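Participant: The structure's right below; bear with me while I get my questions together.
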Amino acid sequence: MPDLKSQLITQALALGFADCRIAEAKPAAHKAIFEQWVADGKHGDMAWMARNLERRTDPRVVLPGAKSMVMLALNYFQGETPSGDGGYRIARYAWNDDYHDLIEKKLKALDAWMAEQGGTQRYYVDTGPVLERDFASDAGLGWGGKSTMQIHRRLGTWFFLAELITTLELMPDTPAKDLCGKCTRCMDACPTQAITAPQQMDARRCISYLTIESKGGIPVKFRRAMGDRIYGCDDCLTACPWNKFAQVSHEATFQARESVFNKRLRDFLTLTDEEFRMLFAKSPIKRIKRPAFLRNVCVALGNTGNAEDLPALETLMQDEHPLIAEHAAWAVQEIQTRHRA
Ligand code: SF4
Ligand code: SF4
């Protein structure tokens, strides 16, 4: 009869996780660094990061009696950018349905199995009060790359992290070696120099933060650097040489949604609230709501658009939402300046 840990790994792989490794439940390795990062305000508008610091840095506060962290990786790689020539980029993880629902179902099933073995669990996928990348490194799932993202030897950068905190005592795995070496490709690739030093990220400069988490206007100094990105940014991930081993995920949930990718950039400008909600039903993009999405689209059009985009943008300059109106006006000015040059 295989031991409990081996049985758990078998269960996790059968559920579709690509890897499953164990860390000890203890204070996170980067506890002090994280607290300083928050104290310096580098989390920007992400106020949730500054809440419950005690819980966020020690899983035993989240689940009294916790002994182990079950760290899981789910592959979401879907190959290269989908066909369709809309002239924009969306971060790979947001090409289709929100991953939270899919992964939570798998975690729930694993939790139920572990409960049968006598464990009590809390499970999270990326929104939980846990510094999950620290525990992923402890478990040897991957290592913390200079990009601050976890790098997995086989999956590269294209995987979701999820975890269960459990009262079951499981043999911890050995941490992975840092295999970044002298490489700095992720830092060099960042269009806004948001990776200020190895493993140090100023979220306020990051295009993922600016296009997803930030509720307000995009600072003018970053708008040109956004290029054609309308939701998130993958540049520091794409640059990583460890992606050469990545295999396409079997999860159809992550395949590019045709109804989105067959649109041109300017087609998004005329979406009503209702149409926006329908187009992005179940997608992570729906969460930022239409005004912030159109804000992003306007910036991308300001960077890539032409005279044919001007009528729709000029209409949006009168939009009742000031966020949309201001970014549309900026885009119009950028296109006109380019055409005059
Ligand atoms: S996501 Fe883009 S902007 Fe953010 S750190 Fe990576 S490369 Fe830079
Ligand atoms: S791009 Fe290079 S430095 Fe950055 S995470 Fe990958 S291996 Fe490490």
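The values are calculated or read from the model by the stated rules, or taken from the named source; none is laboratory data. All values reported here derive from a predicted model rather than from experimental measurement. All Cβ positions, even for glycine, are placed from backbone atoms using ideal geometry, and neighbour counts span all protein chains on display.
Participant: Go through region 162-184 and give me each residue that's within 15 Å of ligand 2 (Cβ to nearest atom) and buried (at least 17 other Cβ atoms within 10 Å of the Cβ).
Facilitator: A176, C180
Participant: Let me ask another. Among the residues that make up region 244-256, is at least one of them more than 16 Å from ligand 1 (Cβ to nearest atom), of a type in the set (D, E, K, R), in contact (Cβ under 8 Å) with a residue 12 or more places away in the chain and not assigned by TED's automatic domain parsing to the domain that holds R154?
Facilitator: Here is the first cut: in region 244-256, the residues more than 16 Å from ligand 1 (Cβ to nearest atom) are 244-256.
Within this subset, residues satisfying the condition of being of a type in the set (D, E, K, R) are 244, 251.
Okay, now just the ones that are also in contact (Cβ under 8 Å) with a residue 12 or more places away in the chain, so 244, 251.
From what is left, the residues that are not assigned by TED's automatic domain parsing to the domain that holds R154 are 244, 251.
Scanning region 244-256, I find at least one residue that is more than 16 Å from ligand 1 (Cβ to nearest atom), of a type in the set (D, E, K, R), in contact (Cβ under 8 Å) with a residue 12 or more places away in the chain and not assigned by TED's automatic domain parsing to the domain that holds R154, so the answer is yes.
Participant: Can I ask one more? Any chance you could count how many residues in region 123-142 are at pLDDT below 95 and touching a Ser or Thr at 6+ places or on another chain (Cβ under 8 Å)?
Facilitator: Final tally of qualifying residues: 2.
Participant: Kindly provide the set of residues from region 227-256 that are outside any helix (DSSP H, G or I), over 13 Å from F159 (Cα atoms) and within 16 Å of ligand 2 (Cβ to nearest atom), ordered by number.
Facilitator: Quick first cut of region 227-256, residues outside any helix (DSSP H, G or I) only: 227-234, 239-240, 246-251, 255-256.
Going one step further and asking which of them are over 13 Å from F159 (Cα atoms), we end up with 227-233, 239-240, 255-256.
Those that are outside any helix (DSSP H, G or I), over 13 Å from F159 (Cα atoms) and within 16 Å of ligand 2 (Cβ to nearest atom): C233, A239, C240.
Participant: Filter region 194-221 down to residues that are among the charged types (D, E, K, R) and closer than 16 Å to K289 by Cβ and give me whichever is farthest from ligand 1 (Cβ to nearest atom).
Facilitator: Kept after step one, since they are among the charged types (D, E, K, R), are these residues of region 194-221: 202, 204-205, 213, 215, 221.
Among the residues that remain, those that are also closer than 16 Å to K289 by Cβ are: 213, 215.
Numbers: E213: 11, K215: 18 Å.
Filtering region 194-221 for residues that are among the charged types (D, E, K, R) and closer than 16 Å to K289 by Cβ, the one farthest from ligand 1 (Cβ to nearest atom) comes out as K215.
Participant: Condition first: at pLDDT 95 or above and among the polar types (S, T, N, Q). Now tell me which residues in region 57-113 satisfy that.
Facilitator: Residues satisfying the conditions are S68, N75.
Participant: Residue under question is L313, and the condition is that it be surrounded by 20 or more Cβ atoms within 10 Å (Cβ to Cβ) and farther than 30 Å from I103 by Cβ; does it hold?
Facilitator: Values: surrounded by 20 or more Cβ atoms within 10 Å (Cβ to Cβ): yes; farther than 30 Å from I103 by Cβ: yes.
Judged against the criteria, L313 is a match.
Participant: So in region 198-226, with the set limited to residues that are at pLDDT below 95 and hydrophobic (A, V, I, L, M, F, W, C), which one is nearest to ligand 2 (Cβ to nearest atom)?
Facilitator: Ranking the qualifying residues of region 198-226, first place goes to M201.
Participant: Has region 90-105 got at least one residue that is over 17 Å from the mean Cα position of the chain (by Cα) and in contact (Cβ under 8 Å) with a residue 24 or more places away in the chain?
Facilitator: Here is the first cut: in region 90-105, the ones over 17 Å from the mean Cα position of the chain (by Cα) are 105.
Those left that are additionally in contact (Cβ under 8 Å) with a residue 24 or more places away in the chain: none.
Checked region 90-105: no residue is over 17 Å from the mean Cα position of the chain (by Cα) and in contact (Cβ under 8 Å) with a residue 24 or more places away in the chain.
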